[in-house]
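So the structure is just underneath, and the comments pick up after that.
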Amino acid sequence: MLTAVIGEKTLVTSPVNTAARVSSQAFFNCSTSVNVTDSVTWDYNKQGSRFAVRIYTSRDGVKPGQQDRFDIERDDANGAHNLIIKNVQMDLAVRYFCGLGDDGIQAAADLIVLGMIIHAILAQ
């Protein structure tokens, strides 16, 4: 668990690297100090890309075009804005960022996707 602090804005729980099988769900935790729940964001960045793709803002919810792949488990009482990847696919094996708006407070984690060949080997 990582705690990042600038003033009173804090990431209390940060996402950690996660492995998930193709067609399963994946889950990344992110909790903030309760007084900053209106500025939480989730983004992802594909390897080699200079630009992040916005998935979610606590003000607007999951962005249009992202709703079929992502959901948020939100609990304002404890500042949770947990990212759910609904149906893991190989192209979602990227780095995900939970942040506090544009304040530079951010934590990242990678999704490692286990394909069908690895499933067969692990099942033996």
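The values are calculated or read from the model by the stated rules, or taken from the named source; none is laboratory data. The shown structure was predicted, so the numbers you read here are calculated from the model rather than taken from an experiment. Glycine gets a Cβ as well: all are built from the backbone with ideal geometry, and neighbour counts include every protein chain shown.
Considered as a group, the residues in segment 28-47 that are over 13 Å from the mean Cα position of the chain (by Cα) and hydrophobic (A, V, I, L, M, F, W, C) include one that is modelled with the highest pLDDT, and that residue is VAL34. Residue count for segment 74-92 satisfying the condition of being under 11 Å from ALA26 (Cα atoms), among the aliphatic types (A, V, I, L, M) and either over 11 Å from the mean Cα position of the chain (by Cα) or surrounded by 17 or more Cβ atoms within 10 Å (Cβ to Cβ) (or both): 4. Residue-level check: of (1) surrounded by fewer than 13 Cβ atoms within 10 Å (Cβ to Cβ); (2) modelled with pLDDT of 95 or more; (3) of a type in the set (Asp, Glu); (4) under 22 Å from VAL16 (Cβ atoms), ASP110 misses just (1). For VAL62, are the conditions met, namely being aliphatic (A, V, I, L, M), exposed (fewer than 14 other Cβ atoms within 10 Å of the Cβ) and at pLDDT 95 or above? Answer is no for this residue. If I ask for residues that are out of contact with any His (no Cβ under 9 Å at 6 or more places or on another chain), farther than 20 Å from THR18 by Cα and surrounded by 13 or more Cβ atoms within 10 Å (Cβ to Cβ), which ones from segment 44-59 would you list? Scanning segment 44-59 gives a single hit, THR57.
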